[in-house]
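Input: a single structure, listed below in structure tokens.
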Amino acid sequence: MELIVALAIGVLTASGIWLLLRPRTFQVIIGLSLISYAVNLFIFAMGRLRLGAPPVLVDAGVGDPGLYDDPLPQALVLTAIVISFAMTALFLVVLLASRGLTGTDHVDGRERR
Amino acid sequence: MTAGWVHHLIIAPVVLPLAAGAFMLLFDERRRALKATISLVSAILLLGIAITLMSLADASAPGASVYLLGNWPAPFGIVLVLDRLSALMLVLTGILAIASLVFAMARWQRMGPHFHTIFQLLLMGLNGAFLTGDLFNLFVFFEVLLASSYGLVLHGSGPLRVKAGLHYIAFNLAASALFLIGVSLLYGVTGTLNMADLAQRIPSVAPEDRMLLEAGAAILGIAFLVKAGMWPLSFWLPPAYAAAAAPVAAIFAILSKVGIYILLRLSLLFFGVEAGASSGFGSDWLLLGGMATIAFGLIGVLASQAMGRLAGYSVLVSSGTLLAAIGIGNTAITGGALFYLVSSTLTISAFFLLVELVERGQDTAAAVLAVTMEAYGDEYEDAVDEEVGLAIPATLAILGACFVVCGILLTGLPPFSGFVAKFLLVASIFNPTGLGASAEISPTDWILVALIILSGLSALIAMTRTGIRTFWASLEGKVPRVLVIEVLPVAGLLLLCLLLAIQAGPAMRYMEAAAQSLHAPQNYIKSVLAAPRAGGGGGESR
């Protein structure tokens, strides 16, 4: 499982960075989204990867933290998701404004000649 | 609880602008006078609160005042921490906010929707970032202030702003991703996000985990360096600041100082003298990066043709000087750096406001305004008629005088505070242990001193050239129409700089005390972790 998660984070980040460096605004926005997915997975991984452990207390084993998954990174991821979603929406608006004002989807507002 | 209501004021700099911003959403865009009044009242209250908090912070030193949000004890709940440094930043924010708002009331508030709401949310983000004692909470406030700054940088619209804004947003979103990676790495290694708790745990981190910890701190640092504008990460800054509307650029002058503030706080808290094996981590990078930034900034200042860009590169020079000072990191220079921070922020803010006034009579600004009018055509046209206030006589003379003062401040000549600030920096580089004691001066110190003085020279050359071209050239362009309420904030900020120079003694005592408590973080850590919860019976906060 560790390998799969690590690969997923790596592939998402790599694709994200490649797209971020592309000259079209839509590619940039997709790149930023991919990077934010990778970051969210990474925050999860920092709370240690465990299968089948509940993040909230259940009756059976109250008092033994070894039985539980770390709930804090999950709360952090939730916040990060909301924020990155809002930022993507905001960026999309700027992208459309730029397209409308300049007539091109190049990040510099004009095609390279 | 003897402190009583004063203690609850710590949360006010966050809640008040949030409430004011939300309240203004209820009103229609056309009720500008009402919105401007609410916004200005909120900013004035914020300044009042900040000054009260400053005296509270001074009184409760050497510890810090801690506000437990939700009344959970410190490492578990989120805390707001007020010490001398954060109180100082709050006061600075309040001053700049009032100046920008007064300036914006003349015409800029009409150039786009929801100016005042976004502005208040920006203030909330700034104040929160200065007050918080928790890394993830810092991220949230950082995003609040960034999101509002994205809105504000686009205020007034037009292709130029949208293009600069697009780069600004893309760059800062990528930096936010780095912020999260750094925070989660630190959490993964130490298991806490509370800054005081982190500082306590870092010395005892196992050697095999130390590399991961330092990697996390470095990645986190890059996110702040992007904001502060360290050299290879700063190419977005001058165009974005120059393209932003004048009152927006004026408040943005403190945005780059947020990065500086956090770097100063975290580097001394996490990697101060007591941090064990990691002590002093990253300070060489800050010193070298800061020097590179000064060099890049001073070349940029010399090369700038437009005044807006000149101001943008001055931000870089100021950031670079502060970064290098943090990199040297002894108590004397930190005190000087804080003085420099206040002085240079006030100066650059005034300069951004002034640039717009001066350029109004010239073609470049006319072009920008024309574009703005295109985007907001109707609204602007009827706006011209309802311009309020008196147009001042002898406009050019007053603007010219302000320009000269700005030049003196940027250059660092007496009698204004720029001179005192640079003198303090250079003096503490040469005499880190105080006057009289001789100390070894390393080659990097010599280079840094040379760079600081050269940056003043380059500012002098650039300002003289621009001044001659603007004020002494033949008056073919029309004299700009400038209102009293537009000159007042500029003059006010510059007068504050003069006041800062006259009252340099008391100001410096405060800065030195702030620097001393920054360099002795045990008191900060102790007061955060031992903060008492609000009373058992009926002690509910608020």
Q) In the range B:112-169, how many are more than 10 Å from every other protein chain (Cβ to nearest Cβ), over 17 Å from B:L255 (Cβ atoms) and assigned to a loop (DSSP other than H, G, I, E, B)? A) 5
Q: Taking A:V39 as the residue in question, decide whether it is crowded, with 18+ Cβ neighbours inside 10 Å and either closer than 28 Å to A:T104 by Cα or at the interface with another protein chain (Cβ under 8 Å from one of its Cβ atoms) (or both).
A: yes
(Q) Here are the criteria: (1) within 12 Å of another protein chain (Cβ to nearest Cβ); (2) closer than 20 Å to B:G188 by Cβ. Tell me which single one A:T25 does not satisfy. (A) (2)
Q) Somewhere in the range A:48-65, is a residue touching a residue at least 12 places away in the same chain (Cβ under 8 Å), within 12 Å of chain B (Cβ to nearest Cβ) and surrounded by 11 or more Cβ atoms within 10 Å (Cβ to Cβ)? A) yes
Q: Output the number of the condition that A:L7 fails; it satisfies all remaining conditions of (1) surrounded by 12 or more Cβ atoms within 10 Å (Cβ to Cβ); (2) more than 8 Å from chain B (Cβ to nearest Cβ); (3) in a helix (DSSP H, G or I).
A: (1)
Q: Evaluate the following for B:A74: is it in contact with a Leu (Cβ under 9 Å, 6 or more places away or on another chain), in contact (Cβ under 8 Å) with a residue 24 or more places away in the chain and assigned to a helix (DSSP H, G or I)?
A: no
**Q.** Evaluation of B:G63 against (1) surrounded by fewer than 22 Cβ atoms within 10 Å (Cβ to Cβ); (2) of a type in the set (G, A, S); (3) within 19 Å of B:Q522 (Cα to Cα); (4) at pLDDT 85 or above (one fails), failing number
**A.** (4)
Q.
If a residue must be more than 8 Å from chain B (Cβ to nearest Cβ) and in a helix (DSSP H, G or I), how many such residues does the range A:66-77 contain?
A. 6
Q.
So, in the range B:170-210, how many residues would count as being of a type in the set (F, W, Y) and more than 8 Å from chain A (Cβ to nearest Cβ)?
A. 2
Q) Of the conditions (1) in contact with a Leu (Cβ under 7 Å, 6 or more places away or on another chain); (2) buried (at least 24 other Cβ atoms within 10 Å of the Cβ); (3) hydrophobic (A, V, I, L, M, F, W, C), B:M105 fails just one. Which one is it? A) (1)
Q.
Suppose the filter is surrounded by 22 or more Cβ atoms within 10 Å (Cβ to Cβ), assigned to a helix (DSSP H, G or I) and either hydrophobic (A, V, I, L, M, F, W, C) or in contact with a Lys or Arg (Cβ under 6 Å, 6 or more places away or on another chain) (or both); does B:I299 pass it?
A. no
(Q) When the residues of the range A:78-113 are narrowed to those that are at the interface with chain B (Cβ under 9 Å from one of its Cβ atoms) and within 16 Å of A:I35 (Cα to Cα), which ends up surrounded by the fewest Cβ atoms within 10 Å (Cβ to Cβ)? (A) A:A86
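The values are calculated or read from the model by the stated rules, or taken from the named source; none is laboratory data. Fair warning: this is a prediction, and the values are worked out from it, not measured in the lab. For neighbour counting, all protein chains shown are included, and Cβ atoms are generated from backbone atoms with ideal geometry for every residue, glycine included.
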